[in-house]
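Read through the structure below, which is laid out as structure tokens, and then see the notes.
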Amino acid sequence: MAGSYANSGEYIKHHLTNLTYGQKADGSWGIAHGADEIKEMGFWSINLDSMLFSIGLGMFFLWLFHKAAKKASTDAPTGLQNFIEMIVEFIDDSVRGSFSGKNPLVAPLAMTIFIWVFLMNFMDLIPVDLIPWLAGLLGVPYLKVVPSTDPNITFGMSLTVFALVIYYSIKMKGAGGFFAELAFHPFPKFMMPINLVLEGVTLIAKPVSLALRLFGNLYAGEMIFILIALMYSGGWILGISGGFLQLGWAIFHILIITLQAFIFMTLTIVYLDMASQTDH
């Protein structure tokens, strides 16, 4: 597809633009055509491609695990059942190693985060031109297929985790205990303003770092795939080199997408464990 654009900049810009729906400058509602229209739409616009793929992958995750659960057997387990049992055991070990309290929500939440984030990250291994090209045949101007390269998605997940952290902090420690944790540590009580600033920044940094870490790593990975794809329009020598580079980066990227899903899951468990501790 790179050869069908006027220059490399247009190709990169096209692949980094979401399919966005919102209110245009003239008051009408519709799909944006270009970054300028997306900027004019402002906060209330919605990235249709991010929502489509994230929700679709979430439904695929639920369907796959439901299918395995319905056909589960102790006599003749299928390969899918063995694979899912391995994942469940891995998640269970991770929760037991990082969460010291008792909360029936943590393990299911951890598994949901790990599988869902992994599936969203896995979309980065699909050739960058394939799905956008198919969408273009149907008249869709833009299409980003990796939801985790959209900060709206990563912040949506991290803010949900943050809301759970605040909820369990107040539930386990009480409103007064939660405030005391922010106001009276790490320095003595008479330095409460400084404590509030330090602990407040630490608290706010949790969802921000959680979201930006996932977004930054996957965005960088997607950009590398796009830059490699540009090599195919530079002649057969660059094309062959690009093929080897793409294969090597894809193999290495398997580790990245798995690691980022694991980190997001582990930090969620750790944050909830800290929120549940009452002896601070």
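A short reminder: the numbers here are calculations on the coordinates, not readings from a lab. It should be emphasised that the depicted structure is a prediction, and the values quoted were computed from it without experimental measurement. So basically every Cβ, Gly included, is an ideal-geometry build from the backbone, and we count neighbours across all protein chains shown.
Overview of results
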| quantity | calculated |
| --- | --- |
| Between helix 192-230 and the chain: long-axis angle, C-alpha atoms, 0 to 90°, nearest 10 | 20 |
| Sequence-distant residues sharing a close amide H with Gly234 (under 5 Å, placed H) | Gly239 |
| Cα coordinate range in region 34-106, projected on the principal axes (Å, largest first) | 59, 33, 16 |
| Qualifying trypsin sites (Lys or Arg not before Pro) in region 89-150, DSSP loop, other Cβ atoms within 10 Å at most 13 | Lys102 |
| Sorted by Cβ density within 10 Å, fewest first, the residues Phe90, Phe225 | Phe90, Phe225 |
| Fewest-first sequence of Leu137, Leu227, Leu119 by Cβ atoms within 10 Å of each Cβ | Leu137, Leu227, Leu119 |
| Among Ser28, Ser158, Ser94: highest mean-square fluctuation, GNM of the chain, C-alpha pairs under 10 Å | Ser28 |
| Separation of alpha-carbon centers, region 109-150 and region 220-234, rounded to whole Å | 16 |
| ³J(HN,Hα) computed for each position of region 140-149 - Karplus, 6.51 cos²θ - 1.76 cosθ + 1.60, integer Hz, glycine/proline x | 7, x, 9, 6, 9, 9, 10, x, 6, 8 |
| Exposure proxy order (Cβ contacts within 10 Å, fewest to most) of Met120, Met157, Met51 | Met51, Met157, Met120 |
